[in-house]
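The values are calculated or read from the model by the stated rules, or taken from the named source; none is laboratory data. Everything numeric in this text was worked out from a predicted model, so none of it was measured. Cβ atoms come from the backbone with ideal geometry, glycine included; neighbour counts cover every protein chain shown. Surface accessibility is based on the protein's heavy atoms, side chains included, excluding ligands, DNA and RNA. Shrake-Rupley method; radii C 1.70, N 1.55, O 1.52, S 1.80 Å.
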Amino acid sequence: MDVNIQKALNDKLYDKRKGGALELEGLIRESLAANDHDRIQKIVHQLCHDYAYAVHQPHARNGGLIGLAAASIALGSEVARYLEEIVPPVLACFSDQDARVRYYACESMYNIAKVAKGEILLYFNQVFDALCKLAADSELSVKNGAELLDRLIKDIVSESASSYVSSLHTPEDGGDESADDQTPPSVDAPTAFSLQRFIPLLQERINVINPFTRTFLVTWITLLDSIPDLELVSFLPSFLGGLFKFLSDPNQDVHTAAQTALDKFLSEIKKIARIKRGIAESRKSQGDDGMKHSTSSARSAPSVHSDDGCVHSDEEEPTSDQSGESVDSESMTANDEKSTSAEDDWIPGQDVQVDYAKILDILVTFLSDSSEEEVQLTALRWIDSFFEICPEDIMPFVPRLLSHVLPTMSHDVEQVRQAANRVNSSLMDYIMSLSDYPLRSKSAPPTQIQAPPASANATRETGNTGRRDSEFSNKTPRTTSRDPAAEVKAIEGRMPSGTRTPTPAEERAPSPRQAADLDYQAAVNALTLQFLNEHEATRVAAIAWLIMLHRKAPGKILSIDDGTFPALLKTLSDPSEAVVTRDLLLLSQISKNSEDSYFTSFMVNLLKLFCTDRRLLETRGNLIIRQLCVTLSAERIYRTMADCLEKDEDVEFASIMVQNLNNNLITAPELADLRKRLRNLETRDGQTFFVTLFKSWCHNAVATFSLCLLAQAYEQAYNLLLIFAELEMTVNMLIQIDKLVQLLESPVFTYLRLQLLEPEKFPHLYKCLYGLLMLLPQSSAFAALKNRLNSVSAIGYLHIAPRTYVPSSVSFFHSRQKSSESASSAQPAPGVSSFERPNRLKAREEGGIKWMELLDKFKSVQERARRPQRMATMGEEAATPVQETNRLQPPEVPPKNPRLNMVAGASRIPPVPQQGHQKAKSSLSNLGRFAGGVGARKTKR
């Protein structure tokens with residue numbers, strides 16, 4: 001440079017530096033006109049090293065920046081070869097401490113870029129990085145200058161980024177011919193702008209915190225995405241996480257910009273998926289049309305031959321064959337041309353490859369890690385959209401999705417809750433739809449075998465067709481979402497000549513089959529962890545998922561050895577009734593699909609749970625038993641529990657459990673059929689069921705008595721009452737009797753109340769009810785039962801009282817006469833009491849129910865249950881059974897009523913004497929009559 005120019009560029013005044021730059025511009029123009037590139041190179045080198053890099057001389061730096069801008073303006077289109085030396089010193093000035101230097105650097109780069117245009121894209125990453133820093137500059141003037149430069153770079157990128165090739169790369173391919181310079185390099189040479197080089201820088205910068213820089217990044221991402229040929233969406237996983245972080249930015253502008261950008265990307269992904277789906281369907285339909293056309297032409301060939309045969313002579317038949325073949329070839333070539341022309345039509349977006357798996361990974365990660373409602377809402381919306389875009393790619397993420405979507409269903413914000421529910425329902429529907437794959441794959445081969453014979457010439461291609469069918473049968477699950485007819489058409493479309501290349505849909509066909517493999521164990525583990533969630537909706541959804549998965553694959557999950565089984569049992573203690581109900585449904589479902597050992601283990605573990613958690617037994621015991629009886633066999637449940645309770649050493653728990661089971665047996669509507677079974681003791685099954693329950697029910701005296709009432713074994717019930725007289729009446733026992741009296745007034749025992757109208761047929765029923773009356777203290781239950789008996793006491797007296805003093809033989813003759821008069825089918829044998837039921841009891845005795853053994857069992861169980869109580873009350877450490885019986889008898893035997901003593905004594909003799917029964921009955925009838933008299937006097941008063 002001239003000395004005057006050097007001095008002017010070093011001046012502290014801007015106007016003088018500007019004047020020097022103008023002189024420099026003229027000098028370079030002269031050198032360029034003289035083709036003196038060496039001098040230009042030296043001037044540029046001098047400007048860079050003596051001025052722009054003069055760190056401690058701010059005026060010299062400013063002069064160097066304006067000088068480089070002037071030199072670029074003077075060079076014009078020739079600036080490309082010097083940009084490698086011009087751009088770096090200007091970029092270095094962007095980070096200068098002096099704000100004026102940074103501003104002049106923006107001004108200089110603006111002028112350089114304006115001249116260089118597309119050539120500046122070679123240095124896009126460096127310029128972008130500098131602008132990214134200047135976007136957050138503290139000086140307003142610098143920020144304004146950076147914005148101007150940013151707009152210019154955006155304009156250049158919008159115009160040239162997708163196709164501009166630097167002039168530095170074109171001479172290598174053909175520098176002499178202009179035509180060669182324009183066409184081949186644009187195809188072969190690399191473009192000046194490259195997303196592959198830019199994306200790593202964007203990944204690095206996307207993690208910034210400054211809101212101005214974030215806004216700058218979002219605007220650039222939006223711009224690059226708007227350029228169709230760049231296909232920025234292919235690199236979406238690289239910066240999607242950063243955009244989601246921007247959603248939680250407190251700055252509203254950043255949040256809005258990020259949300260808008262994400263919405264655009266989602267709509268673009270949907271559009272690409274629709275385009276690819278449409279192309280695959282159109283190619284498939286073209287294949288179907290080609291198949292139809294070829295078959296129709298094949299059918300038309302014989303007709304042409306026959307027509308020619310009719311018109312022409314026999315000598316011309318070969319030519320007619322040739323004409324038929326030419327018709328076929330012409331039709332095939334026309335079809336091929338149509339298909340190739342359809343394939344040649346390029347649709348924007350059909351070649352874009354989107355990595356859905358990486359995107360889903362990012363979405364699930366943000367769904368789990370972020371607590372911001374906007375981030376969760378956007379992630380859920382994206383995931384829900386992916387069920388339409390690529391459902392098969394979601395399968396590997398199902399366990400993680402379950403872990404994070406189900407808790408979100410209990411979110412405090414309504415919108416997030418609704419979005420989570422939509423994702424949950426979409427995911428469940430998709431998993432349930434996968435169960436159709438094995439069914440359709442099994443049913444597909446028959447359709448493939450039946451479809452080809454529809455054509456007339458199919459027999460000629462049986463070998464090839466069968467081979468192709470076997471090849472394409474593995475790809476048919478791709479079309480499982482359609483009806484079987486569409487599948488048959490698709491298969492037929494793939495059957496013609498093998499010249500057609502497979503479509504992308506066919507190439508990706510095996511993917512749904514791979515995606516159908518769900519990691520059941522991981523999904524079950526994720527769902528089991530949700531049992532610990534504090535929100536009811538999440539726990540209910542988790543169990544609903546387990547129910548669905550078990551229905552879909554009962555053999556793969558939830559076995560007895562699985563760790564899930566204890567968790568399911570523990571969930572029965574859940575405070576939510578909806579959770580417990582679904583849990584019981586799942587346990588019942590597992591039991592139905594498992595062996596008997598699983599059911600037995602289930603019942604044993606359930607009883608253990610009740611034993612350890614008495615509160616659960618009190619609050620939810622009835623609900624659990626009733627629900628299980630609805631979904632499983634009620635008789636099987638009662639049999640299994642009875643067998644377990646009979647062997648239980650904890651007599652207190654066994655008594656409480658029997659009481660609960662008995663209450664449900666009497667009151668539950670779900671057990672109405674079971675109650676009918678108990679009334680039918682004539683069958684072998686009914687007898688064994690009664691005996692099984694009786695042995696277990698012995699743990700609770702009142703429950704055993706009510707069981708006999710249900711089974712209409714009134715004589716056995718009366719014998720139990722006689723044993724009650726030997727037992728210590730506890731408060732709990734009296735409360736249970738009180739409840740039983742109230743239940744006797746319920747609709748369940750309507751048949752029993754009606755049987756009171758037939759005292760001759762059911763004599764021991766009166767004894768049972770009067771016995772209860774004697775056990776009860778003066779209470780409301782006593783009054784209710786007494787009123788009930790008073791209402792039928794006259795009937796009982798009419799039938800019973802006249803026979804009080806009749807001898808046994810006369811009584812027997814009278815009973816035979818009455819039974820014959822009443823057209824009864826059974827006749828009592830000699831020596832049998834007239835008060836026994838002639839049909840039922842005799843059938844029971846012959847059927848094999850050993851009543852005395854059952855009474856002995858009852859005595860032994862009750863004795864074992866009361867032994868610890870007596871030891872605790874008397875303070876004795878040990879006592880033998882003989883000593884205890886000796887202690888028991890003195891309080892019981894001393895007479896308050898000699899008649900009851902006689903009855904008790906009579907009941908201990910195995911063959912029950914006839915007179916004992918008569919005396920007991922007469923005494924009870926007199927007592928009923930006496931009670932009626934007292935009641936009558938009270939009413940008269």
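Of the listed pairs K647/K676; K570/K608; K608/K695, which have alpha-carbon separations greater than 18 Å here? In this structure, K647/K676; K608/K695 lie more than 18 Å apart at Cα. In the assembled protein chains, H255 presents an accessible area of approximately 30 Å² (probe radius 1.4 Å). Ranked by solvent-accessible area (1.4 Å probe, protein heavy atoms only, all chains present), the residues Y770, Y104 order from largest to smallest as Y104, Y770.
Here r is the Cβ-Cβ distance between N251 and N533 and R0 is 35 Å; the resulting FRET efficiency, rounded to 0.05, is 0.55. For the peptides 218-225, 404-411, the ranking by packing is 404-411, 218-225, with the highest mean count of neighbouring Cβ atoms within 10 Å listed first. Among the chymotrypsin sites (Phe, Trp or Tyr not before Pro) in region 38-89, none is located in a DSSP loop while being surrounded by at most 12 other Cβ atoms within 10 Å of its own Cβ.
Based on C-alpha pairs under 8 angstrom that are at least 6 apart in sequence, region 16-88 has a relative contact order of 38 percent.
Derived scalar couplings between HN and Hα for region 43-54 equal 4, 4, 4, 5, 4, 6, 8, 8, 10, 5, 8, 6 Hz in order, rounded to whole Hz, by the Karplus curve 6.51 cos²θ - 1.76 cosθ + 1.60 (θ = phi - 60°), x for Gly and Pro. Loop-located trypsin sites (Lys or Arg not before Pro) in region 518-579 (DSSP state other than H, G, I, E, B) with a sparse environment of at most 14 neighbouring Cβ atoms within 10 Å: K556.
Paramagnetic label reach from D355 (point 7 Å along Cα→Cβ; backbone nitrogen cut-off under 15 Å): within region 201-223, residues 201-204. Between K264 and D15, the modelled labels are 4.6 nm apart [label points 7 Å from Cα along Cα→Cβ]. Subtracting the Cα-Cα distance of M548 and Q755 from 0.36 nm times their residue separation leaves 69.6 nm of extension gain. What's the FRET efficiency of A99 with N207 using the Cβ-Cβ distance as r and R₀ = 30 Å, to the nearest 0.05? It comes to 0.70. Phi angles across region 131-137 convert, under the Karplus curve 6.51 cos²θ - 1.76 cosθ + 1.60 with θ = phi - 60°, into 3J(HN,Hα) values of 5, 4, 6, 5, 5, 9, 5 Hz, Gly and Pro given as x. A 1.4 Å probe over all protein chains sorts V165, V364, V630 by accessible area into V630, V165, V364, starting with the largest.
Loop-located trypsin sites (Lys or Arg not before Pro) in region 1-66 (DSSP state not H, G, I, E or B) with no more than 13 neighbouring Cβ atoms inside 10 Å: K12. If you plug the beta carbon distance of A189 and S158 into 1/(1 + (r/R0)^6) with R0 = 22 Å, you get a FRET efficiency near 0.55.
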